[in-house]
Amino acid sequence: KQAEEALRQSEEKFRGIAERSFDMIFTMDTEGNFKYISPACEKLYNLKSEEVVGKNFRYFVTKNYLPSSIEYFTGILKGQTLKPLITELQREDYPPIFIEVNMSPVLQNGKVTESHGVIRDITERQKAEEALRQSEEKFIGIAERSFDMIFMTDARGLITYLSPASERIFGYEPQEMVGKNFTSFLVESEIPKAVKRFTEKLQGKKLGDLCLEAKKKDGSRVFIELISSLIIQDGKTAGTQGIIKDITERRKAEEQLQKAREELEIRVKQRTADLAKAVETLQKEVAERKRAEESLRIAEVRFKSIFENTIVGLYRTTPSGQILLANPALVKMMGCRSFKELAKFNVEKNGFDPSTPRSIFKKLIKKDGRVIGLECVWRRPNGTKLFVLESAFAVTDTKGKVLYYEGTAQDITQRKEAEEKLMLYQQQLRSLASELSLAEERLR
């Protein structure tokens with residue numbers, strides 16, 4: 001009687017825990033048929049317990065995940081220690097869900113009589129992992145095609161990622177540099193300056209670009225320009241990331257320019273006023289070049305900021321007009337509420353106004369491999385016009401076949417409308433001027 005009472009109380013405790021658990025708690029026989037499943041089944045899978053009990057787990061698992069699920073169940077019955085199983089459940093008229101299963105066998109007299117375990121819904125976690133994977137693929141795709149080198153380091157200064165441009169700039173393949181401290185590739189005299197700047201960056205100080213002299217694999221020297229930002233994980237600084245540009249040719253040009261300037265200053269003292277005038281002209285050219293370089297540097301910084309904040313529309317389309325990728329700015333520009341809605345729209349058939357057909361875009365990009373600053377008139381899905389300034393390039397396979405186009409689009413509709421209003425205003429002014437002339441003539 002005491003044993004039966006203890007068993008009853010134990011069963012009541014188990015059932016109380018199981019029925020209040022958010023996860024599904026279950027038991028099944030050695031054939032895989034459910035003998036018990038907790039009420040959480042209805043919340044997670046929209047089936048009542050009595051609709052599941054008596055059925056085999058194979059009935060619920062999707063076709064693609066069935067072999068691995070059977071293998072896991074068989075291993076548990078054999079007493080193997082296995083990691084939790086991740087599988088997918090299906091049900092007619094309902095979307096499939098991903099679950100994580102933890103099972104263990106129940107032994108009686110040394111034999112497995114049944115098994116029990118816990119099922120947890122991880123659908124949202126799987127979606128988040130898939131979104132993260134796609135985001136990483138996009139980043140890697142951009143980084144691997146970048147002319148400049150993209151890098152990441154941890155808080156100790158160890159390199160954790162390098163884009164393929166490292167081979168062009170340093171002569172090393174990325175895997176040869178990953179895992180080493182960034183100071184290993186600098187000229188010794190530059191290391192204190194680089195370490196100081198790295199420490200200040202980790203402290204959160206706002207710093208400008210850094211120019212350093214580095215060593216290439218073949219022993220030669222290369223001048224680099226470094227732009228970096230912090231990597232924040234869980235509210236803490238985990239390292240740095242940024243872009244490295246090869247400015248060797250620019251430095252050589254600057255050194256040569258400095259040398260020429262010194263020579264010219266000596267010759268100025270020895271020559272006539274005409275030569276002095278020539279030197280003055282050269283100095284103006286030097287100043288103009290510096291202004292141009294400064295403008296270029298500012299433009300590069302602005303471009304980086306624009307790219308990171310995705311203000312300009314970014315897209316990827318196939319030659320047939322299917323939209324493969326679009327950022328939120330482009331989705332909004334096209335008057336759509338989501339990318340899913342925009343993806344249904346074919347730009348080849350309906351996306352371009354007859355005044356600027358897509359054939360012009362294709363002809364230019366076929367000729368030069370890219371299009372820069374092309375003014376086009378697009379059509380939104382709702383039929384309204386959209387004036388854009390478009391820049392794009394073609395991504396091809398090894399045989400030269402165009403896989404898709406990638407580019408940016410800037411909405412210039414307001415500018416175009418302003419130009420049209422200005423032209424109309426000018427016409428009105430000319431008309432008024434003409435009328436004024438006639439009035440003066442009549443008055444005379």
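Computed from the coordinates by the stated procedures, all read-outs in this text should not be read as laboratory data. If you're wondering where the values come from, they're calculated on a predicted model, not measured in any experiment. Note that we place each Cβ from the backbone using ideal geometry, even for glycine, and neighbour counts take in every protein chain shown.
How far apart, in nm, are two points set 7 Å out from the Cα along the Cα-to-Cβ line at residue 156 and at residue 254? Once both label points are built, they end up 3.4 nm from each other.
Normalised by the number of residues in the chain, the average gap of Cα pairs under 8 Å and 6 or more apart makes the relative contact order 6 percent. Averaging the sequence gap over all C-alpha pairs within less than 8 Å and six or more residues apart, then dividing by the number of residues, gives segment 44-165 a relative contact order of 13 percent.
Annotation for residue 273 and residue 424: the two label points, set 7 Å from Cα along the Cα-Cβ direction, are 5.9 nm apart.
Counted residue by residue at 0.36 nm each, then reduced by the alpha carbon distance between them, the extension gain from residue 440 to residue 77 reaches 119.9 nm. Among the listed pairs 340/362; 290/366; 340/385; 236/332; 344/401; 43/111, a Cα-Cα separation exceeding 31 Å is found for 290/366; 236/332; 43/111.
With r as the distance between the Cβ atoms of residue 199 and residue 59 and R0 = 45 Å, compute the FRET efficiency 1/(1 + (r/R0)^6) and round to 0.05. Please list the in-between numbers first.
Details: r = 61 Å, r/R0 = 1.35.
After rounding to 0.05, the efficiency reads 0.15.
Scalar couplings 3J(HN,Hα) for segment 372-381, obtained by applying the Karplus form with A = 6.51, B = -1.76, C = 1.60 to θ = phi - 60°, are 10, x, 8, 8, 10, 10, 9, 10, 6, x Hz; x denotes Gly and Pro. Database remark: amide H of residue 47 closer than 5 angstrom to the amide H of 42 (H placed geometrically; neighbours at sequence offset of 5 or more, or on other chains; Pro and chain starts carry no H). Placing a pseudo-label 7 Å from each Cα along the Cα-to-Cβ vector at residue 397 and residue 132 gives an inter-label distance of 3.3 nm. Taking a ≥ b ≥ c as the square roots of the eigenvalues of the alpha carbon gyration tensor, segment 16-147 is prolate, as a/c is not under 1.5 and a/b beats b/c.
Say a site is exposed when it is one of the GluC sites (Glu not before Pro), sits in a DSSP loop, and has at most 15 other Cβ atoms within 10 Å; what is then the longest site-free stretch of the chain? So the longest stretch without any such site is 93-444. Counting only aspartates and glutamates at least 8 places from residue 206 when in the same chain, those with an alpha carbon closer than 20 Å to its own are 154, 225, 294, 300, 308. What full-extension length gain, to one decimal in nm, is calculated for residue 176 and residue 286 as 0.36 nm per residue of separation minus the Cα-Cα distance? Length gained between residue 176 and residue 286: 35.6 nm.
Backbone amide hydrogens, once placed in the peptide plane, bring residue 55 within less than 5 Å of 34, excluding anything fewer than 5 places away on its chain.
The calculated FRET efficiency for residue 293 paired with residue 184, based on their beta-carbon distance and R0 = 30 Å, is about 0.50.
Between residue 348 and residue 21, what FRET efficiency comes out of the Förster formula 1/(1 + (r/R0)^6) with R0 = 60 Å and r the beta carbon distance, rounded to 0.05? Efficiency computed from Cβ-Cβ geometry: 0.65.
Shape of segment 288-378 from the C-alpha gyration tensor: oblate (a/c of 1.5 or more and a/b not above b/c, with a ≥ b ≥ c the square roots of its eigenvalues). Annotation: amide H of residue 122 within the under-5 Å range of 98, 99, 100, sequence separation 5 or more or interchain, hydrogens built in the peptide plane. For the chain, what class follows from the C-alpha gyration tensor (a ≥ b ≥ c being the square roots of its eigenvalues): rounded when a/c is under 1.5, otherwise prolate if a/b is larger than b/c, else oblate? Note, shape of the chain comes out oblate.
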